[in-house]
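Please read the structure below before turning to the comments.
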Amino acid sequence: MRRRQERLYCFFHPLNTTAHYDVAIIGAGMSGIAAGIRLAHFGKRVCIFERHNAPGGLNGFYSIAGRKYDVGLHAVTNYVRPGVKGTPLTKLLRQLRIDRDEFALCEQKQSRIAFGPRNAPGSISLRFTNDFSAFESEVAQNFPAQIDGFRALVAAIRGHDEVALDAKPVSAREIVRRHIADPLLEDMLFCPVMYYGSAQEHDMEWSQFAIMFKALFFEGFARPFDGVRVIIRVLLEKYRAAGGERRMKCGVQKIIARRNRAAALLLDNGEEITATHILSSIGAPETAALFECGIGNAECGMENRQAAAAPLASDDSAFAAPPGRLSYVETITVLNRQPADIGWGDDTIIFFNDSPRFTYARPENEQVDVRSGVICFPNNFSYPGNRQLPEGLFRCTCLANYDLWKNAAANPGEYRAAKQRWFDDIAASAKRFLPPLAPPDALERATVATDMFTPLTITKFTGRAAGAIYGSPVKNRQGRTALENVYLCGADQGFLGIIGAMLSGISMANYHILQKG
């Protein structure tokens, strides 16, 4: 009976009825579901409210013509092999009572940071695997004068408590430059950690840098054979088994506040529900936009309206977090053979840049910046028994300008033409960092399907303002908002990556609800 109830869509519920929960969670992404599992394990009555018809949020999947495409997931970071303890992955598995075999994670083969097109003068490539010593050796070989500084930087990262909720913001560029004098090596270290987790242009907060450096280089990349849906399926099964409720296609329209607390949630269908605590995974600016002091309620005086709408004095206020500026486009090319069969079988993920300095910022004059980006081959993981994905996949990600894409969308024909133009330009840019094909049109001959998402796609299916995948550049480590019983989890709380998102949900559930009884 519970399985049937939790799958009911919002519009099946009668209007203007009231249900009460110990915790209401806004958003069925990784952080929201993980928080729900943790709370349900401790007997809390929990319900997740999701506006869309599919879970996963920024790391979901969709189907076209029978093919399933991952959204967001290139790889699960923070991977460690069985027996390694005290890491984010092992903490996550313990807190959610998941056996590591349930995620069925398969390690990457190898990845690269490639600056300068292949075989061009001055081009340089740093290879790395899930064994950090391989990356250290690459740095020593290519930057012998910097290796002592690099090792000192590594020691500083190892010694930093990047998950401390009271950590003060510090510039990562400033700290890295204390150890690394070569601008090229500096940029090569920043390129992957920025592309896989930074909402800030040009620089990163030091704790954010440490989180991503550890996730990518100290730990590593892995992927389930069937992609992100394996992780989503496991999480939903754990949540259902723990007694959690889930209402899909059931968005939250407003958070009604009285006396600096959330008194009720108004759903899209007009129904009101109440909750002792609310966890929001949809982003800090997006959550703040929901705050409203009960309009039409005689108990809600002007002073309470102002208190609910006013930002907190602390820098930790959700209202201090501006919307993010960084968004992306991603192209997906489906092949009728493995990438290795056309000569692209060595690398799992490639972070590339073709310019003298790496620029991580929103492109101002073009819809897409093809000078840098990320290439991912989901086929090139070490799947057990030499299994192979049924089709080849070639994915490319580049920085994009939300406003310029929004302007183009006013004319559907212009929008379609822009997608085709940039699809071709992104592929041409990425191919410069890969082995040359023989024949040169081997990619086109092998292509059987393509797709592409833009910043508008991200906003449409996740609600993220301006398509900002990593949210606001200002992170709220303690997850507090202007309302005493509303807390943030997910990207704008500040833990990064798929594992980080789930740990964010767990941490905020522990910190604000379970530890306080």
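Among the conditions (1) aromatic (Phe, Trp, Tyr); (2) surrounded by fewer than 20 Cβ atoms within 10 Å (Cβ to Cβ); (3) within 25 Å of Ala491 (Cβ to Cβ), the only one that Phe49 does not satisfy is (2). Scanning region 419-456 for residues that are aliphatic (A, V, I, L, M), touching a residue at least 60 places away in the same chain (Cβ under 8 Å) and assigned to a helix (DSSP H, G or I) returns Ile426, Ala427, Ala430, Ala442, Leu443, Ala446. Taken together, Ala438, Ala442, Ala446, Ala430 contain a single residue that is under 18 Å from Ala340 (Cβ atoms) and either modelled with pLDDT under 95 or assigned by TED's automatic domain parsing to the domain that holds Pro192 (or both), which is Ala438.
May I ask you to say which residue of Ala222, Ala199, Ala242, Ala210 is farther than 17 Å from Ala156 by Cβ, in contact (Cβ under 8 Å) with a residue 24 or more places away in the chain and touching a His at 6+ places or on another chain (Cβ under 7 Å)?
Checking each option against the conditions leaves just Ala242.
Residue pairs whose Cβ atoms lie under 8 Å apart, separated by 6 or more positions or on different chains, with the first residue in region 476-494 and over 21 Å from Arg259 (Cα atoms) and the second crowded, with 24+ Cβ neighbours inside 10 Å and among the acidic types (Asp, Glu), are Asn476/Asp492.
Taken over region 107-148, residues that are in contact with a Pro (Cβ under 9 Å, 6 or more places away or on another chain) and under 18 Å from His179 (Cβ atoms) amount to 1.
The set of residues from region 484-517 being surrounded by 24 or more Cβ atoms within 10 Å (Cβ to Cβ), part of a loop (DSSP other than H, G, I, E, B) and not acidic (Asp, Glu) comprises Cys489, Gly490, Ala491, Gln493, Gly494, Phe495, Leu496. So for region 457-476 (the condition being in the same structural domain as Val329 (by TED's automatic domain parsing), more than 16 Å from the chain's Cα centre (by Cα), surrounded by 15 or more Cβ atoms within 10 Å (Cβ to Cβ) and assigned to a helix (DSSP H, G or I)), does at least one residue qualify? No, every residue in region 457-476 fails to be in the same structural domain as Val329 (by TED's automatic domain parsing), more than 16 Å from the chain's Cα centre (by Cα), surrounded by 15 or more Cβ atoms within 10 Å (Cβ to Cβ) and assigned to a helix (DSSP H, G or I). For Ala120, the conditions (1) surrounded by fewer than 19 Cβ atoms within 10 Å (Cβ to Cβ); (2) under 22 Å from the mean Cα position of the chain (by Cα); (3) not polar (S, T, N, Q) all hold with the exception of (2).
Do the conditions hold for Pro88, that is, is it in contact with a strand residue (DSSP E or B) (Cβ under 7 Å, 6 or more places away or on another chain), of a type outside the set (Lys, Arg) and under 30 Å from Arg477 (Cα atoms)? Criteria not met by Pro88. If you filter region 59-117 down to residues that are β-branched (Val, Ile, Thr) and free of Cβ contacts under 8 Å to residues at least 60 places away in the same chain, you find that the one that is surrounded by the most Cβ atoms within 10 Å (Cβ to Cβ) is Thr90. Do we have any residue at all in region 422-429 that's of a type in the set (A, V, I, L, M, F, W, C) and under 22 Å from the mean Cα position of the chain (by Cα)? Checked against the condition, which is being of a type in the set (A, V, I, L, M, F, W, C) and under 22 Å from the mean Cα position of the chain (by Cα), region 422-429 yields at least one hit. Restricted to strands (runs of 3 or more DSSP E) entirely inside region 262-335, those with at least 2 residues that are touching a Gly at 6+ places or on another chain (Cβ under 6 Å) and at pLDDT 95 or above are 327-335.
The values are calculated or read from the model by the stated rules, or taken from the named source; none is laboratory data. Just so we're clear, the structure is a prediction, and the values are computed from it rather than from any experiment. We place every Cβ from the backbone using ideal geometry, glycine too, and count neighbours over all the protein chains shown.
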